[in-house]
1. Count the net charge of all other residues whose Cβ sits under 9 Å from the Cβ of B:A109, scoring Lys and Arg as +1 and Asp and Glu as -1.
2. Please report the spacing between the Cα centers of region A:268-305 and region A:1-58 in Å, no decimals.
3. For region A:153-248, build the convex hull from the C-alpha positions and give me its volume per residue in Å³.
4. Take peptide A:22-28, look around each residue's Cβ out to 10 angstrom, count Cβ atoms belonging to other protein chains, and average those counts.
5. Aspartates and glutamates within cross-link reach of A:K52: Cα-Cα under 14 Å, excluding same-chain residues under 8 positions apart?
6. Given the -39500 (n - 2.57) contribution per DSSP H run of 4+ residues, what per-residue ellipticity at 222 nm results for chain A, rounded to the nearest 500 deg cm²/dmol?
7. Rounded to the nearest 0.05, what FRET efficiency is calculated for A:Q158 and A:E337 with R0 set to 45 Å and r the Cβ-Cβ distance?
8. Beyond 16 Å, what share of the Cα-Cα pairs of region A:119-193 remains, rounded to the nearest whole percent?
Amino acid sequence: MATYPTETGHYGDFGGRFVPETLMPAILELEKAFKEAKEDEGFQEEMRYYLKQYVGRETPLYYAERLSKHLDGPRIYLKREDLNHTGAHKINNTIGQALLTQRMGKKKVVAETGAGQHGVATATVSALLGLECIIFMGKEDVRRQALNVYRMELLGAQVVSVDQGNGTLKDAVNEAMRYWTANVEDTHYIFGTAAGPHPFPQIVRDFQRIIGDETRKQVIEAEGKLPEAVVACVGGGSNAIGMFYPFVDDLDVKMYGVEAGGKGLLSGMHAASLTEGKAGILHGSLSYLLQNEDGQVQEPHSISAGLDYPGVGPEHSYLKDAGRVTYDAITDEEALEAVRMLSRTEGIIPALESAHAVAYCKKLAPVMNKEDVLVVCLSGRGDKDVNTIREAHETGGDLHD
Amino acid sequence: MTKAKLDTAFQTVEKVGEKAFVPYIMAGDGGLENLNESIRFLAESGATAIELGLPFSDPVADGPTIQAAGIRALEAGTTVQAVLDEVAKEKDNRMIPLVIMTYLNPIFAYGVEAFAQSCEAAGISGLILPDLPLEEEGLVVKALKKHNIALIRLVALTSTQERIQALAERSEGFLYAVTVAGTTGERASFVNQIGAHLQALKEISKAPVLAGFGVSTPEHVKELSQYCDGVVVGSKIVDALNRGDKQQVADLIASRKEA
């Protein structure tokens, strides 16, 4: 298995820990706690218990026969992360980090959320383990994801609406980091994606790799071979890195990361950091970033709140430059079409984020053989997006303005 | 010359038995054309050096006041190049040392080496990067050294003894003692141990120790200055200048004399 990050948290030229000195001791404490937990059989046992009995793992690898026929392409399998408790892959990580919080003797957690999935997953495990929980969420996302806001509150979390910037994920991360800086002594920051300062990209990957580990085993059971290709959507990149990591050394498995193309790459209104960005530093790590000539971070755009982020995890930047993963973009419109396609062929309403990965199957189908196997990470379910999808179909497209 | 200018300024203040006062202003807030005038005003009011903020879209170490100033500056079209060009204009007849405070990304985008070179050419003495901890200094130290720019380190209330030691040993220009756990901006008061913390820093630091973050009243200036070499005042100055209240700024700077 590939051995990165380095001791200093670098992935090739990317990664690192670009945080204020006030946070550094907590970052180092977290790194130590995580290393110890990884080696602690008791911790691993506890993780396995909660993932099985509480989250409902393992999740199925489902053969989407009607979708495969519809696209007249390869045999498509869906890794059903949407069937996890709380409806997305996010809880794989929040369970792990909440247990780490307890190990570090902290009683409070803070988190950012975009679509609300990470916020709900954090609020859920906080309720489960009796932690005090505060969630920062962009104002625009609070509007787009009103139901998730109520879910978090129902679970006992405090949700703070963030007005700064566009009021989306990036702004929520800024505020969550500021809050953490002011409360670092008794609070752990449950970072939701495989980005941020080291050790977060590694922690999130290691808690999410169960997606790829299960998939690898399941696809061999079902097909007697590894897949020809795997696809996952990429915002910060947590479900994608979880799916990709166990396949990195299987060079015959092609990997595709799908970013949010928004209104199209040419429009400038997208969230495709890997496809269109250049290296820069945001939220503690050096990675591909949407920014202008002067190093100011650009406001991203995506119909999907969970992909609406100008940065991306450093390991993805590394995998891109290494040529191991191909990154491409899917527009809002293509994602909406994919929601309809999967709903009607399989009776599964995908999250708008995951719909980007589903939409990419349509592009891959014509260039793959019928006997090939294509695995799609269905990172979350679409219940939270039904209103957004309905509005989009009624207005014939965009609703971000 | 550039770095030495800062050292000289602190030595001069110390020699006459006074404390240093370093105001922070956001470059481009209120129009870049007024930048040199603001610098002159602060110098005439008795500032020891000036911290010049370069706006960044995502300032995670800053509270609401400086965030808002940064947004105003960016909306006015402020760029790194434009600020450096403006500052360079009065380089030769400016006595007061300037220190730039910004985040890593604008500098990274400009090119670290090119930035250090432009700073030297504009007569900048030092650089403060709140999102650059010890662990990542390698990215900038070589270029800054080559161009005589002091890298001003921040030490936090949460810093361990080991980290405090390492930061104090490397300190140049001044050691920036962050006096609150949190972001920049006004505070009612400081933690009880603040005096002992600052005195301990002063004992081991090579460079002068200045207290900053949350310093907003003449009382704060007096209180904190007695334990170290002076203070940095940001949000309060930014707010007063934005309201056009120069008198409040002058009064605040004058309070250093009573410290």
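1. -1
2. With region A:268-305 and region A:1-58 each reduced to a Cα centre, they are spaced 25 Å.
3. 142
4. Details: counts 15, 7, 8, 6, 1, 2, 4.
What the average comes to for A:22-28 is 6.
5. The reachable aspartates and glutamates, counting only those whose Cα sits under 14 Å from A:K52, are A:E81, A:E214.
6. That comes out to -12500 deg cm²/dmol.
7. Details: r = 37 Å, r/R0 = 0.83.
For R0 = 45 Å, the calculated efficiency reads 0.75.
8. Result: 47 percent of Cα pairs exceed 16 Å.
Since every read-out is calculated from the coordinates, none of them should be taken as a lab result. Please read these numbers as outputs of a predicted model, since none were measured by experiment. When we count neighbours, we look across all protein chains shown, and the Cβ atoms used for this are built from the backbone with ideal geometry, even at glycine.
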